[in-house]
């Protein structure tokens, strides 16, 4: 018997002995460093391995039955749900990094990888090393800041378009001018500076452009006399 045959025989004997043990599959899951979890289509946890106690602080019974997104950072929820739905609809592997709320109130960065099988998601979550976590947290923060800036730019763009539409010239009056400027555009008179029409609007040849100060200086009798002369000359 060759050495390779001996090794193969020993492995088969060892594997057979191991699988004959009670709860051998559970022992494998318990020995894994990753947090193995199963979720339904509504992202509710239906199974969680014992590794959650070490890395997350929760016993499996504290997580099972709760929505997975309950523990995901609020800034990462939309991204996680979007990737989760895409993995289901496109039958592809989910590989997503996010921040998970530990039982002590602190967030830790996890990476989940898994696939859907028979209307359930089977995945394993792994904590990213500390140094990598710092860079990942910075990346996620910059990503969210970029998204907020993009939304603000869209709002500013919509505001500028609305303002431009409201300033369209209509009936000789623009909303960007006050009432004095609008009157000046229609009559040619600067009412805010005291300009008044003395017979011009009636088509009189002796009509005058007066200001309030000049009218007061001449006196009311002279103003009336000049206007009467203009009326007489205009009459046939």
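The values are calculated or read from the model by the stated rules, or taken from the named source; none is laboratory data. Keep in mind that this is a model prediction, so the values were computed, not measured. Using ideal geometry, Cβ is built from the backbone for each residue, glycine included, and neighbour counts are taken over all protein chains shown.
Here are a few things to note about the model shown:
- Among the residues making up segment 48-66, those that are out of contact with any helix residue (DSSP H, G or I) (no Cβ under 8 Å at 6 or more places or on another chain), without any contact (Cβ under 8 Å) to a residue 40 or more places away in the chain and in a loop (DSSP other than H, G, I, E, B) are 64, 65, 66.
- Of the listed requirements (1) in contact with a helix residue (DSSP H, G or I) (Cβ under 6 Å, 6 or more places away or on another chain); (2) farther than 18 Å from residue 42 by Cβ, residue 69 misses just one: (2).
- Test: residue in segment 97-104 that is surrounded by fewer than 18 Cβ atoms within 10 Å (Cβ to Cβ), touching a strand residue (DSSP E or B) at 6+ places or on another chain (Cβ under 8 Å) and touching a residue at least 40 places away in the same chain (Cβ under 8 Å): yes
- Of the numbered criteria (1) modelled with pLDDT under 90; (2) out of contact with any strand residue (DSSP E or B) (no Cβ under 9 Å at 6 or more places or on another chain), the one residue 69 fails is (1).
- The residues on offer are 112, 132, and the sole one that is buried (at least 16 other Cβ atoms within 10 Å of the Cβ) and either at pLDDT 85 or above or assigned to a helix (DSSP H, G or I) (or both) is 112.
- Checking each residue of segment 77-88 against the condition of being assigned by the TED database to the domain that holds residue 36, within 20 Å of residue 39 (Cβ to Cβ) and assigned to a loop (DSSP other than H, G, I, E, B) gives no match.
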